[in-house]
């Protein structure tokens with residue numbers, strides 16, 4: 001029988017966990033949290049009152065995919081179709097949570113699991129080196145749960161930001177790499193772009209990056225750029241209270257704006273909504289979009305993502321930030337599906353609702 005787990009199943013879950021794995025075990029504390037507070041679902045397969053296997057799914061309110069975090073079957077009960085039944089139940093659970101895809105990681109040496117998920121229609125889309133406690137790599141798999149959702153995605157290499165304040169440079173680097181495969185992505189480039197485009201001050205910590213400096217960084221590296229902002233005022237200025245810091249932010253922005261004008265880089269003071277972003281994308285542009293991180297991470301900070309594709313209902317993005325303390329991995333941040341209506345609410349920052357989009361394109365060449 002398949003059913004949802006509850007706190008009373010803790011002992012049975014731990015027994016299956018300890019009999020199935022030698023490393024990377026889920027603790028009693030983690031199971032309890034996921035059963036009572038986490039944005040998760042735990043599904044059991046049992047015979048009588050004996051738990052024979054479980055699957056554990058994680059959800060994210062801001063995105064429309066689920067992650068199959070763990071699946072285990074009692075070693076004494078394997079070969080009876082229990083794992084397949086749990087996979088089927090997990091997919092149904094994900095669909096019930098309005099998710100369009102299910103993702104997971106499998107040990108590179110776990111051939112039976114790789115074979116199972118391949119037979120179930122999952123597609124490999126990457127690997128993660130040194131993923132498990134014993135340094136074994138993980139293979140990434142994903143399955144679209146509805147045949148109606150076939151997103152029009154482009155191949156955007158993923159780059160994870162290495163510092164809390166470099167989401168802008170990391171997003172820009174991914175966009176540039178998709179247009180120029182020969183571009184090398186590394187921390188030197190990440191920090192160089194940050195130095196070139198930082199607004200100097202934020203509420204705390206290091207300064208964040210605004211659209212003007214980021215656009216100039218891309219332009220100087222051989223890309224054509226367009227900038228769309230809904231407010232001609234200084235971005236992020238309400239993030240600081242000190243008047244001297246506000247003056248510095250204004251001066252930095254004025255300097256950026258003068259350089260943009262000198263190079264003839266177009267700046268449009270208008271909102272670029274989801275449909276317009278898609279139109280730019282369809283014409284070969286790579287959008288880098290400012291969002292508020294509140295809907296994803298619960299923190300009211302400006303954050304940059306790069307758009308990787310669209311379908312009828314969703315926008316797909318690479319998010320350079322990986323929330324490791326909350327159990328996230330890079331696999332959770334690649335081609336994240338976000339409902340267009342949710343993206344519209346997310347793509348603004350602060351009480352003033354500041355919006356910013358940078359469109360990168362290949363540099364046009366002219367014959368003489």
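Can you tell me which residue in the stretch 259-277 is nearest to residue 338 (Cα to Cα), limited to those that are in a helix (DSSP H, G or I) and over 27 Å from the mean Cα position of the chain (by Cα)? Among them, the one singled out is 260. Inspection of the stretch 100-109 finds no residue satisfying the criterion of being over 25 Å from residue 343 (Cα atoms) and either at pLDDT 95 or above or over 30 Å from the mean Cα position of the chain (by Cα) (or both). Do the conditions hold for residue 205, that is, is it on the phi > 0 side of the Ramachandran plot, at pLDDT 95 or above, in the same structural domain as residue 246 (by TED's automatic domain parsing) and surrounded by fewer than 21 Cβ atoms within 10 Å (Cβ to Cβ)? The answer is no for residue 205. Only residues that are over 17 Å from residue 224 (Cβ atoms) and in contact with a strand residue (DSSP E or B) (Cβ under 9 Å, 6 or more places away or on another chain) were counted in the stretch 269-283, giving 6.
The selection criterion, being in a strand (DSSP E or B) and closer than 23 Å to residue 329 by Cβ, does not hold for residue 30.
When 64, 55 are checked against the criterion of being within 30 Å of residue 346 (Cβ to Cβ), buried (at least 19 other Cβ atoms within 10 Å of the Cβ) and modelled with pLDDT of 95 or more, 55 stands alone in meeting it. Inspection of the stretch 1-20 identifies at least one residue that is closer than 27 Å to residue 342 by Cβ and either in a strand (DSSP E or B) or touching a residue at least 40 places away in the same chain (Cβ under 8 Å) (or both). Looking only at residues in the stretch 105-137 that are touching a residue at least 60 places away in the same chain (Cβ under 8 Å) and surrounded by 14 or more Cβ atoms within 10 Å (Cβ to Cβ), the one that is farthest from residue 157 (Cα to Cα) is 132. For the stretch 4-47, a residue qualifies if it is surrounded by fewer than 13 Cβ atoms within 10 Å (Cβ to Cβ) and within 17 Å of residue 86 (Cα to Cα), and the qualifying residues are 4, 6, 47. The set of residues in the stretch 328-368 that are in contact with a strand residue (DSSP E or B) (Cβ under 7 Å, 6 or more places away or on another chain), part of a loop (DSSP other than H, G, I, E, B) and more than 18 Å from residue 270 (Cβ to Cβ) comprises 329, 334, 335, 363, 364.
The values are calculated or read from the model by the stated rules, or taken from the named source; none is laboratory data. Note that this is a predicted model, so its numbers are computed, not measured. Cβ atoms come from the backbone with ideal geometry, glycine included; neighbour counts cover every protein chain shown.
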